[in-house]
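S.K.: Structure in structure tokens, see below.
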């Protein structure tokens, strides 16, 4: 932006030409200061301008025009002095002349002169202001009651304050109770699913079976449709080389139980595929079982990649529940109660029994599920397994469970005890 210059009085103008223009030239003068120019006549920090004009076509209504400007510190709104802003200038017009110093000719243009005034924006939220008015009125009323009110009005005011605090405490308590039940404790839950006792955590059992493999059917845990949907991951396990298994063991990508049985896959094609599929599915179940309560609450549960949507949906619907908290700020919470975690652990143990030939080392499966051997012992006994303690010379007394006929169940009902 160049600085305006004035002609010396001694110089004469040879010719004046009135220029016709659709849009007038815009002149701006700032009420609180002047623009700064350097020696070459260039403005150091020119403001950013904006020009707005009404597009109304209504007859008899003058179109409004507005010039705005903005610097690093201040915003300006221009008042058009030649647009009837001042009564004494209503019948006047503003022109600006541009002189060519070489030819001494002047071109005259119609102009709009804007006086730029600083604009300070006041942000106000009508709803907040209204709410503050209500609160201020209530507080003022309470203060008056406290000073000059009757005993009855004071009792009413005190009761209202107690109820308000009580409602807040109650809502907080209910929210904590819901979060506790979803983490495995007890509490109130509005649940769409039926939550039964601990006994329904056990998988379907055929007590009349004549072979161990028929006691707990694999089809009750993993269907043929499920096996087909996980075929791509099954092939990865089925074709894994010893070098690949060693890399997985080093990076701890899978549990020791899974890697040990990957090294012992059958050589026959069909049993090999079936065993690989069981190991893949066991890995997914184990990953879900070992999640922390905070991870289960997330919108997207962090499970291993590659799980088919069909299986993912069924796992979430089977082993987690979704509840809503009470109170004004009701929200949805997902969790895995103790009963469903028991159910998941029991299915993993049944899979492990099928994979290992119905003889299971309790220490190995305890590492897989990341729980104590005492808890594992309760699980296998609930499934009807016989528990044997090794008595070999030099043995540390490791225990193993075997699924044999006839089944031996504990005399007491299976209950979830204290975590070990």
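S.K.: Mind listing whichever residues of segment 267-289 are without any contact (Cβ under 8 Å) to a residue 40 or more places away in the chain and either under 24 Å from residue 367 (Cβ atoms) or in contact with a strand residue (DSSP E or B) (Cβ under 9 Å, 6 or more places away or on another chain) (or both)?
M.R.: Once the filter is applied, which keeps residues that are without any contact (Cβ under 8 Å) to a residue 40 or more places away in the chain and either under 24 Å from residue 367 (Cβ atoms) or in contact with a strand residue (DSSP E or B) (Cβ under 9 Å, 6 or more places away or on another chain) (or both), segment 267-289 yields 283, 284, 287.
S.K.: Quick test of your reading of the structure: residue 52 fulfils all but one of (1) modelled with pLDDT of 75 or more; (2) exposed (fewer than 12 other Cβ atoms within 10 Å of the Cβ); (3) part of a loop (DSSP other than H, G, I, E, B). Name the failing condition by number.
M.R.: (3)
S.K.: Right, next: Please verify whether segment 297-308 includes one or more residues that are surrounded by fewer than 19 Cβ atoms within 10 Å (Cβ to Cβ), out of contact with any helix residue (DSSP H, G or I) (no Cβ under 7 Å at 6 or more places or on another chain) and outside any loop (DSSP other than H, G, I, E, B).
M.R.: No: zero hits.
S.K.: Only one of these is part of a helix (DSSP H, G or I), at negative phi and modelled with pLDDT under 90: 288, 235. Name it.
M.R.: Every option except 235 fails the conditions.
S.K.: Quickly run through segment 205-218 and pick out the residues that are assigned to a helix (DSSP H, G or I) and exposed (fewer than 11 other Cβ atoms within 10 Å of the Cβ).
M.R.: Within segment 205-218, none qualify.
S.K.: Tell me whether segment 252-262 contains one or more residues that are touching a helix residue (DSSP H, G or I) at 6+ places or on another chain (Cβ under 6 Å), surrounded by fewer than 18 Cβ atoms within 10 Å (Cβ to Cβ) and either modelled with pLDDT of 90 or more or not in a helix (DSSP H, G or I) (or both).
M.R.: Yes, there is a match, as at least one residue in segment 252-262 is touching a helix residue (DSSP H, G or I) at 6+ places or on another chain (Cβ under 6 Å), surrounded by fewer than 18 Cβ atoms within 10 Å (Cβ to Cβ) and either modelled with pLDDT of 90 or more or not in a helix (DSSP H, G or I) (or both).
The values are calculated or read from the model by the stated rules, or taken from the named source; none is laboratory data. Only a predicted model underlies this, so the values are computations on that prediction, with no experimental measurement involved. For neighbour counting, all protein chains shown are included, and Cβ atoms are generated from backbone atoms with ideal geometry for every residue, glycine included.
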